[in-house]
1. Looking only at segment 9-59, which residues are in contact with a Lys or Arg (Cβ under 9 Å, 6 or more places away or on another chain), free of Cβ contacts under 8 Å to residues at least 60 places away in the same chain and of a type in the set (Phe, Trp, Tyr)?
2. Test residue 72 against the criterion of being surrounded by fewer than 21 Cβ atoms within 10 Å (Cβ to Cβ), within 20 Å of residue 164 (Cα to Cα) and more than 15 Å from the chain's Cα centre (by Cα), and give yes or no.
3. Kindly provide the set of residues from segment 28-56 that are open to solvent by 20 Å² or more (accessible area, probe 1.4 Å) and either of a type in the set (S, T, N, Q) or in a helix (DSSP H, G or I) (or both), ordered by number.
4. Please state which of the following conditions residue 111 fails to meet, knowing it meets all the rest: (1) modelled with pLDDT of 95 or more; (2) hydroxyl-bearing (Ser, Thr, Tyr); (3) in contact with a Ser or Thr (Cβ under 9 Å, 6 or more places away or on another chain).
5. In segment 69-81, is there at least one residue being part of a loop (DSSP other than H, G, I, E, B), of a type outside the set (A, V, I, L, M) and at pLDDT 95 or above?
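The values are calculated or read from the model by the stated rules, or taken from the named source; none is laboratory data. Here the structure is a predicted model, which means the values were calculated and not measured. Cβ placement follows ideal geometry from the backbone for every residue including glycine, while neighbour counts extend to all protein chains displayed. Calculation scope for accessible area: heavy atoms of the full protein, side chains included, ligands and nucleic acids excluded. Shrake-Rupley method; radii C 1.70, N 1.55, O 1.52, S 1.80 Å.
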Amino acid sequence: MNNELSKFVREIPNFPKQGILFRDITTVLKDPTALKMSMDAMAQLTQGLEFDTILGPESRGFIFGVPLAYMLGKGFVPVRKAGKLPASIAKKEYELEYGTATQEIHLDAVTPGQKFIIVDDLLATGGTANAICQLIEELGGKVVAQIYFIELTGLNGRAALAGHDVRAVLEY
């Protein structure tokens, strides 16, 4: 199924800069067959996992996380960029290649012992995912697994997430 699904991922050379081969998922999302295949494949990756809630980072984690939560009868918790959430928040700042970024979550979104699966479109270097794991764990939650539509294996994101169960539908 993964080889069939990979045919729907558009490759754009030299975006966002020279030497980068961008994997565009908009072609997956617009095709009803590919979208269903991608959601079914992600749901398959959750089999055997015991968890309470799906969590997804802004914005493409919302695209895959909400339908997956719906399919599995789970709730969904959004993690947002700084300044986007209206209630009391917890936040985690982390390093990027050129600067820093911040992820935020509502304080009442995590209860002690609550088990989460993080869902996102892409695992690259693992920096964002690592920050989200730390944030959940600091609030008393547990990250059971992380599920990605695409993993860029050459960027070693799994290394940044050592000790975590990481699963991907497609690997490049």
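1. Once the filter is applied, which keeps residues that are in contact with a Lys or Arg (Cβ under 9 Å, 6 or more places away or on another chain), free of Cβ contacts under 8 Å to residues at least 60 places away in the same chain and of a type in the set (Phe, Trp, Tyr), segment 9-59 yields only 22.
2. It is false that residue 72 is surrounded by fewer than 21 Cβ atoms within 10 Å (Cβ to Cβ), within 20 Å of residue 164 (Cα to Cα) and more than 15 Å from the chain's Cα centre (by Cα).
3. Across segment 28-56, the qualifying residues are 29, 30, 32, 33, 35, 36, 37, 40, 44, 45, 47.
4. (3)
5. Within segment 69-81, one or more residues are part of a loop (DSSP other than H, G, I, E, B), of a type outside the set (A, V, I, L, M) and at pLDDT 95 or above.
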